[in-house]
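K.L.:
Handing you this structure, nothing more for now.
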Amino acid sequence: MSYRVKDIRLAPQGKRMMDWAERHMPVLNEIRRELSKTKPLRGVTVGAALHTEAKTGVLVRTLVAGGAEVAITSCNPLSTRDEVAAALAKEGVHVYAWRGESTKDYYSNLNAVLDKQPRILIDDGADLITAVHTNRRELLDRVIGASEETTTGVNRLRAMAEEGALRFPVIAVNDSPSKRFFDNRFGTAESTFQAITAMTNTLIAGKRLVVVGYGFVGRGIASRAKGLGAVVMVVETDPIRALEAAMDGFEVISMSEAARRGELFITTTGSLKVIRAEHMRLMRDGAILCNSGHFNVEIDLEGLNKMAVSRKEILKDVQEFRLKNGRRIYLLAEGRLVNLAGERSLGHPMEIMDMSFALQALSVVHLTQVGRGLAPKVYEVPPEIDRRVAELKLRSMRIKLESQTKEQIEYGKSWMLGT
């Protein structure tokens, strides 16, 4: 076992954090019990780049119970919980992660995971997969396949596949209904507002709130903001999503107009510089900016720094930028994932990640079994895995499904449908 963590003495606290999460992740626990009996991952090294925190620790424990050797680093320099990293190292996992990594440290840790020559990869943002295809090409023939956790990563991988650059199969866990409908929509919304209020202690009710992007994440945040009493405006480039936002009851406006009117801005696009210097110049004094997309590129940080005459940390994870016109703009968590990068950010609720990581665990097993026979492209989660996770979740919630009658089943199969 090898590891690089901030302080191995933090392990007891990290173990308590993972134990607490484990109690609230019944689906993953059920899968863990099954895998511990069959050991389908015996002899398989799994390399992961994931937010190294308590819920992720439960996934790692599940993979280890299935027989895997696991090497893990973080997919974000600020999202590691040092206590959890230490605890995983104590439990025999190869861990290379600590909160506050430099850019050099971040890529060094990705390479440390790849040095373990993994057969299966689990990624969040596609940096690990990209590293194999660029700097660590000697591993391309060794990797059976990978799974990807987030929208940004799936978009990158689809682009690779379209260019013919992808060399092994990848399962887009992010695109699974059980992931998109619950993790992206409900999980991100809840964790985003938990983080914002923890950092700022600001009131959401009555605030003019701008959601930039109306994908699954944006929809969830806009809906939750509306429920909290905010006046919600949506900025969107896609006509169908914009129309959906309008019919959901939100005002759809341009970014320039939103900049003049908004008080709290949340980016959710996965794209580049959706809030630029030209927009920030129009913002009112005290505007708060934060990002719930994967990378810290949605807010033009370079432009904001150039505009500012002074910059200081006013609260933990809250930076104040004073502009030449005297107005102040507040940036949360350095423009990184606000729900994970802040020191007091807790990430998605345990019950949500229970489903997402159950999909990951079963996708890893699936790739181990059939990956060598798959073409190098991006695949959906097999429907039987998606349904199984949903059924296990319903069972844990003590919710029973209605069963179709034989007559209804036959009626659904017939093309001779009468009135």
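K.L.:
How many percent of DSSP beta bridges within the range 186-341 run antiparallel, rounded to 5?
P.N.:
That works out to approximately 35 percent antiparallel.
K.L.:
What trypsin sites (Lys or Arg not before Pro) in the range 232-337 are in a loop by DSSP, with at most 14 other Cβ atoms within 10 Å of the Cβ?
P.N.:
The qualifying sites are Arg284, Lys316, Lys324.
K.L.:
Holding the Cα-Cα limit at 23 Å, pick out from Lys90/Lys179; Lys273/Lys306; Lys55/Lys377; Lys90/Lys316; Lys6/Lys316; Lys116/Lys393 the pairs that are longer than that.
P.N.:
Long pairs (Cα-Cα over 23 Å): Lys90/Lys179; Lys55/Lys377; Lys90/Lys316; Lys116/Lys393.
K.L.:
Under 8 Å for C-alpha pairs, at least 6 residues apart: give me the relative contact order for the chain, rounded to a whole percent.
P.N.:
Worked out over the chain, it gives 17 percent.
K.L.:
Continuing with the same structure: In nm, to one decimal, how far is the modelled label at Arg137 from the one at Trp20, with both set 7 Å along Cα→Cβ?
P.N.:
4.7
K.L.:
Still on this model: Once whole DSSP H runs in the chain are found, which of them have Cα atoms spread over 27 Å or more along the helix axis and a mean Kyte-Doolittle score of at least 0.5?
P.N.:
Taking the DSSP H segments of the chain (at least 27 Å long, mean hydropathy at least 0.5), we get 350-370.
K.L.:
When you take every Cα atom in the range 186-341, what is the radius of gyration, and what is Dmax, the widest Cα pair distance, in Å?
P.N.:
14.1, 42
K.L.:
Still on this structure, I have one more. Estimate the FRET efficiency between Lys316 and Arg372 by the formula 1/(1 + (r/R0)^6), using the beta-carbon distance for r and 60 Å for R0, to the nearest 0.05.
P.N.:
0.80
K.L.:
Residue by residue through the range 170-179, which ³J(HN,Hα) values in whole Hz follow from phi under the Karplus form 6.51 cos²θ - 1.76 cosθ + 1.60 (θ = phi - 60°), with glycine and proline marked x?
P.N.:
Karplus-based 3J(HN,Hα) across the range 170-179 equals 10, 8, 7, 4, 4, 7, 5, x, 5, 8 Hz.
K.L.:
For the range 260-346, what is Rg from Cα atoms divided by 2.2 N^0.38 Å, rounded to two decimals?
P.N.:
It is 0.99.
K.L.:
Based on the Cβ-Cβ distance of Tyr107 and Ala246, what FRET efficiency does E = 1/(1 + (r/R0)^6) give at R0 = 35 Å, to the nearest 0.05?
P.N.:
Approximately 0.25, to the nearest 0.05.
K.L.:
Can you pull out the GluC sites (Glu not before Pro) in the range 135-187 whose DSSP state is coil and whose Cβ has at most 11 other Cβ atoms within 10 Å?
P.N.:
Answer by residue number: Glu163.
K.L.:
If you average 1/r across every pair of different Cα atoms in the range 1-98 and take the reciprocal, what Kirkwood value do you get, in Å?
P.N.:
Across the range 1-98, the inverse of the average 1/r is 13.1 Å.
K.L.:
Another question about this same structure. Using alpha carbons only, how many angstrom separate the centre of the range 146-174 from the centre of the range 75-118?
P.N.:
22
K.L.:
Here's a follow-up. Out of the range 1-89, which trypsin sites (Lys or Arg not before Pro) are coil in DSSP terms and have no more than 12 other C-beta atoms within 10 Å?
P.N.:
Sparse-neighbourhood loop trypsin sites (Lys or Arg not before Pro): Arg42.
K.L.:
Using the 10 angstrom Cβ neighbour count as an exposure proxy, how do Val297, Val338 rank, fewest first?
P.N.:
By the 10 Å Cβ count, ascending: Val297, Val338.
K.L.:
So who's got an amide H within less than 5 Å of the one on Gly145, skipping anything under 5 residues away but keeping other chains? H placed 1.01 Å off N, in plane.
P.N.:
It is Leu121, by chain and number.
K.L.:
What fraction of the DSSP beta bridges in the chain is antiparallel, stated in percent and rounded to the nearest 5?
P.N.:
20
K.L.:
If each of Arg33 and Glu343 carries a label point 7 Å out from its Cα toward its Cβ, how far apart are those two points in nm?
P.N.:
Once both label points are built, they end up 4.1 nm from each other.
Readers should treat all values here as calculations from the given coordinates under stated rules, not as data from a laboratory. This is a predicted model, so every value here is computed, not measured. We place every Cβ from the backbone using ideal geometry, glycine too, and count neighbours over all the protein chains shown.
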